[in-house]
1. For region 69-128, give me the residue count where each residue is in contact with a Phe, Trp or Tyr (Cβ under 6 Å, 6 or more places away or on another chain), within 20 Å of PRO4 (Cα to Cα) and assigned to a strand (DSSP E or B).
2. Does TYR54 meet the test of being at pLDDT 90 or above, surrounded by 15 or more Cβ atoms within 10 Å (Cβ to Cβ) and hydroxyl-bearing (Ser, Thr, Tyr)?
3. Can you name the residue in region 1-44 that is small (Gly, Ala, Ser) and in a loop (DSSP other than H, G, I, E, B) and, of all such residues, is surrounded by the most Cβ atoms within 10 Å (Cβ to Cβ)?
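The values are calculated or read from the model by the stated rules, or taken from the named source; none is laboratory data. Predicted model only: the values in this text are computed from it and were never measured. Cβ: placed from backbone, ideal geometry, glycine included. Neighbour counts: every protein chain shown.
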Amino acid sequence: MRCPHCNVAVSLEFEEYYVEKSKDYEQTGMGYQFAWDTCPECAEPIVILRFGKYVKSKSSSGYSYEEIEGGKEEVLYPRYISRKVEPEVPDVYKADFIEACTVLPLSPKASAALSRRILQNILSSTLSI
């Protein structure tokens, strides 16, 4: 996984977690798992939500839930991936780029619109020279 804070490839061990059974757990075995860890590179926290099928298993510290079937995984915090912008990039483009990266997970169309605006500004400033 890539750290959403520093964009470095890291191996995270989500040791601490909490499992919440879904309403129909007895029939489906489905549940939610909140897990968190800190990036070993930048020491920033990362929180994820997993949804999948869980089964109760015996462990040395009592009972814990163990995911047995693949489900969905979503990063809850940070909500968006930080992107590094080179210092040579003018501020007028930098602000739109950061905003386009911020809204990408929430609205790909809005991110595309901002990206098109950046491209339009670059082309219009190049053609007017």
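1. 1
2. Numbers: at pLDDT 90 or above: no; surrounded by 15 or more Cβ atoms within 10 Å (Cβ to Cβ): yes; hydroxyl-bearing (Ser, Thr, Tyr): yes.
So TYR54 fails the test.
3. Taking region 1-44 as the starting set, the residues that turn out to be small (Gly, Ala, Ser) are 9, 11, 22, 29, 31, 35, 43.
Still in the running and in a loop (DSSP other than H, G, I, E, B): 11, 22, 29, 43.
On the way: SER11: 7, SER22: 15, GLY29: 17, ALA43: 9.
Ranking the candidates gives GLY29 first.
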